[in-house]
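Have a look at the structure below, then the notes.
The values are calculated or read from the model by the stated rules, or taken from the named source; none is laboratory data. Predicted model, so just to flag it, every value in this text is computed and none were measured. Please note: Cβ atoms are built from the backbone with ideal geometry, for glycine as well, and neighbour counts cover all protein chains shown.
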Amino acid sequence: MTDKILASLRALHLISAEQDAAIATYEREKPFSLYYELRTFLSLGVTLLSTGLGLLIYQNIDSIGHGAIVTVIALLSAAGFGYAYTRRQPFSWLENPKASTSADYALLLACLTFLTLVGYLQYQYNFFGTRYGLLVVVPTVVFFLCAYRFDHRGVLSMAITGLAAWVGVSIAPLSAFTSNDYALPHLDWVAIVLGVALAAVGLASEYYDRKKHFGYTYLLLGSNLALIAATSAMFRSSYSEAGFMPPVLAALLIVVLSAGLYWYALRTHSYVFLLLGALYGYMAVTYLFFQLSDDRDWDVLGFIYFPLSTVGVVILLLNVKKILGIHENKGV
Amino acid sequence: MRTKAYSEEGIFNLEVQHTAQRWGKTKLLTAEQVAAIVQAFPSEFYRRHLFIKIALFIFTWFAVSAASSLVFLAVFESGSGSGHDFEERLLLGCLLCGTLAIVLLEQLIIKNHLYRSGVDNALLYMAMGYFLVVLGCWYSITLSDSFDPEMLLERGLLWWMLLPVLAVLLVGVVRYADPFLGALSFLLYLGIVVALLLPSGLGQALLPFGLMLASALAYLLVRLLARRPDYLYYRTCLRTVKVLALAFFYLAGNYMVVREVNALLHGLNVSVQISYAPLFYLFTVGIPLAYITLGLRRHDRILLHMGLLTLGFSIFTYRFYRSVLPPEVALTLAGIILILLSGVLLRYLRPAKHGLTAEPADNPEFSVLDLESVVMAHVSEAGMKVPERGFEFGGGTSGGGGAEGRY
């Protein structure tokens with residue numbers, strides 16, 4: 001294949017004879033790269049070793065004692081935070097240009113072990129008592145601080161997940177008392193509000209240029225949360241009577257959110273948000289269509305609606321490059 | 001009508017663009033040269049984002065299903081018949097839907113320049129599915145009561161019925177070079193071998209060897225086809241078949257597979273030791289090592305990866321019958337060995353030794369050539385001009401998506 005390509009490039013005088021020879025030699029003699037294979041081996045080895053050691057510790061917990069384990073985890077976490085701190089860059093609201101990969105991984109390790117530590121302390125020593133909220137709040141706050149200080153998007157998404165969990169944990173016991181329906185419809189409300197708020201934070205961080213590159217994470221997690229919650233609200237309240245918002249309203253909310261995502265995708269040339277908007281929007285529009293035409297003949301409507309609408313979506317997606325105005329390979 | 005559905009020139013130009021971009025990253029070409037090459041080899045095809053492809057596939061699937069339900073509605077509602085009424089109507093409906101899907105597919109490929117974009121994949125698979133149902137209905141009508149695969153298998157007739165299925169799939173493979181259809185054809189080919197061997201006692205005894213031979217033949221065929229000038233068109237498809245051929249060559253000789261299948265065929269509850277066991281021990285150990293050695297020597301990543309995967313399966317096979325170490329100790333030891341091995345190799349193979357390296361592929365530091373002189377010589381060559389057809393700006397859709405798919 002190389003020879004064929006080189007020959008056609010030569011035929012059009014796009015490369016010189018020397019380059020032709022040089023590239024042919026390069027392709028023939030270049031070494032076989034084992035980079036990814038060896039990396040995979042390394043991470044597989046780490047996984048196997050940590051699983052094996054974990055099992056060994058679990059089996060010999062009596063002779064080791066919990067104190068020793070807590071100490072080891074705490075030391076590990078502290079070492080990770082310490083390493084990340086020594087390799088820190090000065091704080092800025094912009095994306096860190098020279099991020100160190102090892103420091104990033106050390107921070108991730110530190111945060112994960114910190115989570116384990118908190119969980120272990122609670123499980124074994126009942127450290128936080130019955131204030132379960134605190135169990136989630138403490139790591140969440142730590143993660144948010146770390147994400148902003150060390151400019152780490154992975155830790156940011158962990159922090160956002162923690163935030164959502166905290167909201168879920170604090171709300172669930174309340175709704176168990178206030179509502180007979182155990183399906184927790186109040187969680188939908190909270191999730192929608194939180195999702196919209198997160199998306200707003202994302203937009204704000206882009207608009208005010210405060211950690212602009214965090215906007216993607218906020219917006220992706222927030223919009224997904226809000227859309228999933230609205231979808232579940234839409235379907236739940238159409239099957240059971242104890243809905244907190246009429247399904248049509250939920251569907252309209254989804255349409256509005258999808259339109260927002262579509263607008264954002266156009267602005268930032270982003271595939272992911274266009275796709276999210278299209279999928280959720282299609283679902284909600286379909287729902288509305290059949291909801292508003294409930295008296296008529298569903299069979300005939302379905303036979304007309306589904307082929308036409310899906311073809312419409314396919315045409316939209318086929319022309320996504322034109323719509324987004326992407327010329328080069330950029331955007332996620 | 002051409003044999004190949006997609007434009008070979010477009011695929012070649014896309015390959016040229018990607019190769020030029022790779023050489024540009026390795027600094028073998030200047031950025032201006034890469035730009036000139038991309039303009040001189042325009043391609044209507046571009047690689048879509050994976051998410052987009054999946055969404056397109058699903059929605060096309062919906063659309064075709066919805067449209068064909070209209071066709072089936074029309075076919076089943078009209079008139080009344082007798083005897084094989086249901087089968088005949090199903091056959092007619094599937095034939096109509098399959099033909100419509102193929103016509104639509106061809107039109108879309110010509111007009112919209114689709115190339116493995118999700119839409120064409122979905123249409124092709126659905127059309128193939130309809131045609132296979134047509135074949136099944138036809139069997140069921142012509143054979144009427146005696147259409148029973150198990151009975152046919154016992155009489156050694158089933159493979160006759162599988163041959164037309166394989167033929168239909170192969171027509172699809174030749175025209176569309178689709179990897180999934182290629183994989184299906186290979187599996188069906190192995191199925192035919194099994195259907196040939198299973199009915200007789202001797203055939204059952206020879207089953208592992210027959211399957212190994214069949215896989216080896218398929219592998220040799222792939223290597224032969226790779227020398228054809230139109231290899232690029234079928235590259236993905238042939239690679240898929242190569243992976244499967246290597247996998248089944250190993251699995252057919254793997255001790256555990258042979259032993260358990262043997263027990264299954266003889267209706268035993270507990271598998272027993274098989275005859276020629278040492279031979280299968282040898283296969284289980286030897287094939288992965290051979291794959292790895294060959295892969296490293298030929299710089300063949302598929303062979304290497306299959307070797308590593310099969311080695312893992314061989315270890316699993318060993319532990320399945322003999323428990324040497326408690327699992328936690330085995331995990332810890334394996335982890336330590338892997339970490340040490342990869343650590344040592346990562347250090348040892350930097351810089352490259354024995355044609356192997358631990359650096360990422362196409363690292364600029366690889367090129368030991370005196371690049372500056374090459375580039376300077378090139379710049380002084382006055383003939384360096386973009387040929388005329390490159391100046392048409394019609395090829396504006398080209399270029400994108402270089403970052404996806406490869407790593």
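Numbers at a glance
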read-out	value
Residue count for the stretch B:265-297, restricted to those that are at pLDDT 85 or above and either farther than 22 Å from B:Leu213 by Cα or of a type in the set (Ser, Thr, Tyr) (or both)	6
Extreme residue, nearest to the chain's Cα centre (by Cα), among residues of the stretch B:336-360 that are at the interface with chain A (Cβ under 7 Å from one of its Cβ atoms) and more than 15 Å from A:Arg39 (Cβ to Cβ)	B:Gly355
Only listed residue being at pLDDT 85 or above and among the β-branched types (Val, Ile, Thr), chosen from B:Thr26, B:Thr60, B:Thr30, B:Thr3	B:Thr60
Filtered residue count, the stretch A:10-24, keeping only those that are in a helix (DSSP H, G or I) and at the interface with another protein chain (Cβ under 7 Å from one of its Cβ atoms)	4
Per-region count, the stretch B:50-65, residues closer than 16 Å to B:Leu105 by Cα and within 7 Å of chain A (Cβ to nearest Cβ)	5
Number of the exception - B:Gly172 against (1) surrounded by 17 or more Cβ atoms within 10 Å (Cβ to Cβ); (2) in the same structural domain as B:Leu225 (by TED's automatic domain parsing); (3) over 21 Å from the mean Cα position of the chain (by Cα)	(3)
Residue check, B:Leu244 of a type in the set (A, V, I, L, M, F, W, C), closer than 23 Å to B:Leu187 by Cβ and touching a residue at least 40 places away in the same chain (Cβ under 8 Å)	yes
Every residue from the stretch B:297-327 that is farther than 21 Å from A:Thr40 by Cα and surrounded by 14 or more Cβ atoms within 10 Å (Cβ to Cβ)	B:Thr317, B:Tyr318
Pick from the stretch B:137-165, criterion closer than 15 Å to B:Leu184 by Cβ and buried (at least 17 other Cβ atoms within 10 Å of the Cβ), ranking: nearest to the chain's Cα centre (by Cα)	B:Val165
Failed item in (1) in a helix (DSSP H, G or I); (2) more than 19 Å from the chain's Cα centre (by Cα), with A:Gly154 passing the rest	(2)
Of residues in the stretch A:202-226 being part of a helix (DSSP H, G or I) and aromatic (Phe, Trp, Tyr), the one farthest from A:Cys146 (Cα to Cα)	A:Tyr207
Restricting the stretch B:312-335 to residues that are under 32 Å from the mean Cα position of the chain (by Cα) and away from chain A (no Cβ under 14 Å), the residue that is farthest from B:Ile292 (Cα to Cα)	B:Phe320
Every residue from the stretch B:303-342 that is in a helix (DSSP H, G or I) and small (Gly, Ala, Ser)	B:Gly307, B:Gly312, B:Ser314, B:Ala330, B:Ala334, B:Gly335, B:Ser342
Count of residues meeting criterion [facing chain A (nearest Cβ under 9 Å) and either modelled with pLDDT of 80 or more or out of contact with any Leu (no Cβ under 9 Å at 6 or more places or on another chain) (or both)] in the stretch B:40-49	2
Residues (farther than 23 Å from B:Leu14 by Cα, within 11 Å of another protein chain (Cβ to nearest Cβ) and within 23 Å of the chain's Cα centre (by Cα)) located in the stretch B:96-122	none
Helices (runs of 4 or more DSSP H) wholly inside the stretch A:25-123 containing at least 3 residues that are more than 8 Å from chain B (Cβ to nearest Cβ) and surrounded by 12 or more Cβ atoms within 10 Å (Cβ to Cβ)	A:35-59, A:66-86
Where a residue in the stretch B:206-224 is surrounded by fewer than 21 Cβ atoms within 10 Å (Cβ to Cβ) and its partner, wherever it lies, is not in a helix (DSSP H, G or I), with Cβ under 8 Å and at least six apart	B:Leu207/B:Leu198
Boolean, B:Glu15 is of a type in the set (Asp, Glu), closer than 14 Å to A:Ile5 by Cα and in a helix (DSSP H, G or I)	yes
Members of the stretch B:20-43 that are over 21 Å from A:Arg28 (Cβ atoms) and in a loop (DSSP other than H, G, I, E, B)	B:Thr30, B:Phe41, B:Pro42, B:Ser43
